[in-house]
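Read through the structure below, which is laid out as structure tokens, and then see the notes.
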Amino acid sequence: RASAAIHAPAGRWGAGMTAPGPNPASPSNPRFLAAVAYAGGLITGGVLLAVEKQDAFVRFHAMQSVVTFIGVLVLSLMLGSLPYLGLVLYLPFILAVFALWVFLMLKAWHGASYKLPYLGDLAEHLLR
């Protein structure tokens with residue numbers, strides 16, 4: 001049994017219908033770009049800082065990504081230099097970094113200008 005779908009004619013919107021918004025995964029969407037700033041950590045954050053000159057939302061998330069992942073790199077190197085304690089703490093550290101990474105991408109994707117304590121303030125300061 002086939003079901004028939006009813007569509008509004010092209011270029012017209014029927015009652016109760018809304019025009020589609022901008023594609024959320026479009027490379028020109030600021031929320032998409034802000035999430036991408038975290039996706040590749042230090043690299044994508046740095047590239048977006050170099051490329052994006054006008055959108056303050058994207059620039060903030062790009063700078064916060066750079067600052068955050070420089071901190072992650074430093075902490076990772078410090079943990080790696082500790083003989084036994086570093087090995088014990090490395091897995092919880094990596095899991096926490098992964099959770100933070102996902103959290104920041106989701107916040108950016110949803111349009112929130114979420115500031116990490118201390119690091120968010122540093123990112124804002126560096127953008128001035």
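Counting only helices (runs of 4 or more DSSP H) that fall entirely inside the stretch 1-109 and contain at least 1 residues that are modelled with pLDDT of 85 or more and touching a Pro at 6+ places or on another chain (Cβ under 6 Å), the qualifying elements are 56-81. Beta carbons closer than 9 Å, at least 6 apart along the sequence or on distinct chains, pair a first residue in the stretch 45-62 that is closer than 17 Å to GLU124 by Cβ and among the acidic types (Asp, Glu) with a second that is part of a helix (DSSP H, G or I) and open to solvent by 40 Å² or more (accessible area, probe 1.4 Å) for GLU52/PRO30; GLU52/ARG59; ASP55/PRO30.
Across the stretch 28-52, the number of residues qualifying as β-branched (Val, Ile, Thr) and touching a helix residue (DSSP H, G or I) at 6+ places or on another chain (Cβ under 7 Å) comes to 2. Yes or no: the stretch 50-65 includes at least one residue that is of a type in the set (S, T, N, Q) and either surrounded by 21 or more Cβ atoms within 10 Å (Cβ to Cβ) or touching a Lys or Arg at 6+ places or on another chain (Cβ under 7 Å) (or both). Yes, the stretch 50-65 has at least one match. For the stretch 36-45, indicate whether the set of residues that are of a type in the set (A, V, I, L, M) and touching a Leu at 6+ places or on another chain (Cβ under 6 Å) is non-empty. Yes, the stretch 36-45 has at least one match.
For the stretch 104-113, which positions are more than 8 Å from the chain's Cα centre (by Cα) and open to solvent by 80 Å² or more (accessible area, probe 1.4 Å)?
In the first step, residues of the stretch 104-113 are kept if they are more than 8 Å from the chain's Cα centre (by Cα); the result is 110-113.
Matches in the stretch 104-113: HIS110 only.
Taking the criterion of being free of Cβ contacts under 8 Å to residues at least 40 places away in the same chain, within 13 Å of the chain's Cα centre (by Cα) and surrounded by 14 or more Cβ atoms within 10 Å (Cβ to Cβ), the residues of the stretch 67-102 that qualify are PHE69, LEU100.
The values are calculated or read from the model by the stated rules, or taken from the named source; none is laboratory data. Remember, predicted model here, so these are calculated numbers, not experimental data. Note: ideal-geometry Cβ built from the backbone for every residue, glycine included; neighbour counts use all protein chains shown. Heads up: the accessible areas ignore ligands, DNA and RNA and are worked out on the full protein's heavy atoms, side chains in. Shrake-Rupley method; radii C 1.70, N 1.55, O 1.52, S 1.80 Å.
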